[in-house]
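Written out below as structure tokens is the structure these notes cover.
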Amino acid sequence: MTKRVHFRLQNDTNNDKALWSGAVTVDSSATNADARRAVAKHLRLQRLPSNTLVLTCKQLEAGNWTEDAIREHTSVQPKVKKFKSFADVPASFDDVQDMLKKLGLA
């Protein structure tokens, strides 16, 4: 008995057109780790790239994964530096100079 495993790569150039990068068939007794290894072997890689999503047909039929959730899981998340509050951002050049003097850097 076998089962179908679908995968989506984060860096696939067709991600805007297709939902899945591909699919492979594995033994029905294969675990999730076995399925990931089978996908990596199919792609001729030692390990899968980060944010690669690997789901079986049974997981898809359960209805927990929507198209939007699949696309979000594999999308590139930009790293944004977040300030704790607006008080962390100096208001003017004089404020910056005062802060540097307090820290002994100017």
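The values are calculated or read from the model by the stated rules, or taken from the named source; none is laboratory data. Keep in mind that what you see is a predicted model, and the values were worked out from it rather than measured. Here the Cβ is made from the backbone with ideal geometry for all residues, glycine too, and neighbour counts use every protein chain on show.
Being at pLDDT 85 or above and part of a loop (DSSP other than H, G, I, E, B) is a description that does not apply to residue 104. Residues that are in contact with a helix residue (DSSP H, G or I) (Cβ under 7 Å, 6 or more places away or on another chain) and more than 15 Å from residue 70 (Cα to Cα) within the stretch 47-58 comprise 47, 48, listed in sequence order. Does residue 51 qualify as being outside any strand (DSSP E or B), in contact with a Ser or Thr (Cβ under 7 Å, 6 or more places away or on another chain) and not aliphatic (A, V, I, L, M)? Yes: the conditions hold for residue 51.
Across the stretch 16-36, the number of residues qualifying as more than 11 Å from residue 3 (Cβ to Cβ) and either among the small types (Gly, Ala, Ser) or buried (at least 17 other Cβ atoms within 10 Å of the Cβ) (or both) comes to 5. In the stretch 43-59, the residue that is nearest to the chain's Cα centre (by Cα) out of those that are surrounded by fewer than 14 Cβ atoms within 10 Å (Cβ to Cβ) and of a type outside the set (Lys, Arg) is 50.
Quick check: anything in the stretch 60-70 over 18 Å from residue 16 (Cα atoms), assigned to a helix (DSSP H, G or I) and modelled with pLDDT of 85 or more? So far as the stretch 60-70 goes, yes, one or more of its residues are over 18 Å from residue 16 (Cα atoms), assigned to a helix (DSSP H, G or I) and modelled with pLDDT of 85 or more. For the stretch 1-44, a residue qualifies if it is in contact (Cβ under 8 Å) with a residue 12 or more places away in the chain, within 21 Å of residue 65 (Cα to Cα) and among the hydrophobic types (A, V, I, L, M, F, W, C), and the qualifying residues are 5, 7, 9, 19, 20, 23, 24, 26, 30, 35, 39. Give the stretch 45-68 a look and list any residue that's without any contact (Cβ under 8 Å) to a residue 12 or more places away in the chain, small (Gly, Ala, Ser) and farther than 21 Å from residue 2 by Cβ, or say none. Residue satisfying the conditions is 63 alone.
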